[in-house]
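Contents: one structure, followed by commentary.
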Amino acid sequence: MKKIYTLLALATVTSAAWAGGLLHNTNQSIAWQRMMARGATTEIDGVFTNPAGLAWLDHEGWTMSLNIQSAFQSRDVEATFPLFSYADPNHSPIRKYDGKATAPVIPSLYAAFKKDRWVASAFFGITGGGGKCNFEDGLPMFDAAVMSGIYSKTGTLLAGQPLLKTLVGADAITPDMYTINTAMKGRQYIFSGQLGGTYRITDFLSAYAGVRLNYFSGNYKGHLDASLGDALKQRAAAGLATLPPEQQAVYAPLLTTLGQEGGLTHIKLDTDQKGWGVTPILGVDFKFGPVILAAKYEFKTKLNIENDTKTLEATAMGQASEDLENAMAGYKHGVNTPNDLPSVLYVAAGYEILPKKLRAAVEYHFYDDKHAHMANEKQNYLKHGTHEILAGLEWDINKMFTVSGGFQNTDYGLSDDYQTHTAFSCDSYSLGFGGAVNITEQLRLNVGYFWTNYKNYERKQEHYMGNPAMPAGSDKFSRTNRVFGLGIDYKF
């Protein structure tokens, strides 16, 4: 039961909503959106992507950048489970659950001050989490677990109560005899502030050291009420009326309890989660003529999130359920859950094909997810850490207009045991494009758009959700993603 009701981890948004590893969002600027491979840049967005490269900023003094992005995702689960067919007019065991995730305003702010060989820089943005996600019809792990529980428990109860079995008119209460009213939503963000310094050691080599403070904020709300259908209630009431008074006195309270809203199963959760951690960052950059080689390393961040729980309810057939309460223990007030951010290695190479005209870059990221502690040691189910490959091209049409395009491929190392209905990922590739307009010598406008193409993930399970008490089932996970934004860079 505990594995079944891990469903109450409503964090459908734990995987990154926009781009990057399982827990990171790397698209922190419009320049990234339109080119993607920005690990070898020497412009202001390098505060995040290549901080050591700031040594070659083309402006002494202050440079700032404000970026606003909007992201829209779908996260859908197509579940196949035998008991679904009872409640479907066409007797189909397949149900589609649609999740909508939106983050209409994703801000990021950069600032850098350059003087001679030194550059001080700062960054603020949302570097993790996935915004808000709503599943208006719940999730299959809720429905399947509750359907199986009701079928099993009522089957056992009715087998020992022949008269009650007669009133119900069946060997067990099946999904066509009751209704499930369920919905859930989650919100999860990691807000980050970064400070650091860059020093140009030689005419070709620079280095960076900095820290990023990460603050986790989440809220999860959900409910499920399984209630007897009108037909069953009327049949039971009619049968009860035919019994002698002494038998009515025995069965009437139970039928009344079961006939209430949520009388078969009631689950409700409302919890906030908060936590923080610090990420040390080191970077180096080598620039020789048209060639740039750069690397950045972010150390693993220990991050525990603590529950501030307002509501935590679980009853089955009108009584407190020990199984449900044990399964929900992780969401009790004050409980801490590990949610480490993995260490990340970024390496990139850039080349100026035509001086001050045409530039190309390639990049590689490695997220060491298997050594970052997650809830229930979930990281152990990954086959390997996340690998990303990026490439981009940028062309200055003239002194005023620039266009660019980029590509990113992401391989998470997923497994069946890692995927859950509340937090699933799909390998993908992304394409981005956009442009920039130099309105004045000090002011630049950036416009970008990218979309992600996900590979559906399918799994079949001998026992649905890994529970031996459940029959076989299967899932198909799918996602879509579109992000666009505007940004301005300004030199003081």
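The values are calculated or read from the model by the stated rules, or taken from the named source; none is laboratory data. Model, not experiment: these values are computed from the prediction. Every residue, glycine as well, gets a Cβ built from its backbone with ideal geometry; the counts of neighbours run over all protein chains shown.
Per-structure values
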item: Selection within region 377-411 - among the charged types (D, E, K, R), in a loop (DSSP other than H, G, I, E, B) and more than 26 Å from Leu341 (Cα to Cα); result: Lys399
item: Test: residue in region 160-177 that is within 30 Å of Ser74 (Cα to Cα) and of a type outside the set (Lys, Arg); result: yes
item: Subset tally (residues that are over 27 Å from Gly149 (Cβ atoms) and in contact with a Phe, Trp or Tyr (Cβ under 8 Å, 6 or more places away or on another chain)) for region 217-267; result: 3
item: Output for region 39-71, where each listed residue is without any contact (Cβ under 8 Å) to a residue 40 or more places away in the chain and either surrounded by 24 or more Cβ atoms within 10 Å (Cβ to Cβ) or among the hydrophobic types (A, V, I, L, M, F, W, C) (or both); result: Gly46
item: Identity of the residue in region 374-402, surrounded by 16 or more Cβ atoms within 10 Å (Cβ to Cβ) and among the aliphatic types (A, V, I, L, M), that ends up farthest from Gly39 (Cα to Cα); result: Ala375
item: From the options Ile190, Ile150, Ile180, residue that is closer than 19 Å to Leu324 by Cβ and at pLDDT 90 or above; result: Ile180
item: Some residue of region 292-305 being free of Cβ contacts under 8 Å to residues at least 40 places away in the same chain and acidic (Asp, Glu); result: no
item: Selection from region 1-49 of residues that are in a loop (DSSP other than H, G, I, E, B), basic (Lys, Arg) and either under 21 Å from Tyr412 (Cβ atoms) or at pLDDT 95 or above (or both); result: Arg38
item: Inter-residue pairs, beta-carbon under 8 Å, first of a type in the set (Ser, Thr, Tyr) and in region 379-396, second assigned to a strand (DSSP E or B), 6+ apart; result: Thr386/His365; Thr386/Phe366; Thr386/Tyr367; Thr386/Thr410; Thr386/Asp411
item: Failed condition for Thr440, given (1) in a strand (DSSP E or B); (2) without any contact (Cβ under 8 Å) to a residue 24 or more places away in the chain; (3) more than 30 Å from Lys153 (Cβ to Cβ); result: (1)
item: Answer residue from region 347-373, given it is out of contact with any strand residue (DSSP E or B) (no Cβ under 6 Å at 6 or more places or on another chain) and without any contact (Cβ under 8 Å) to a residue 60 or more places away in the chain and is surrounded by the fewest Cβ atoms within 10 Å (Cβ to Cβ) among those; result: Lys356
item: Hits in region 307-331 (condition: of a type in the set (Asp, Glu), surrounded by 15 or more Cβ atoms within 10 Å (Cβ to Cβ) and part of a strand (DSSP E or B)); result: Glu313
item: Check on Asp411, over 16 Å from Asn453 (Cα atoms), buried (at least 16 other Cβ atoms within 10 Å of the Cβ), modelled with pLDDT of 95 or more and among the acidic types (Asp, Glu); result: no
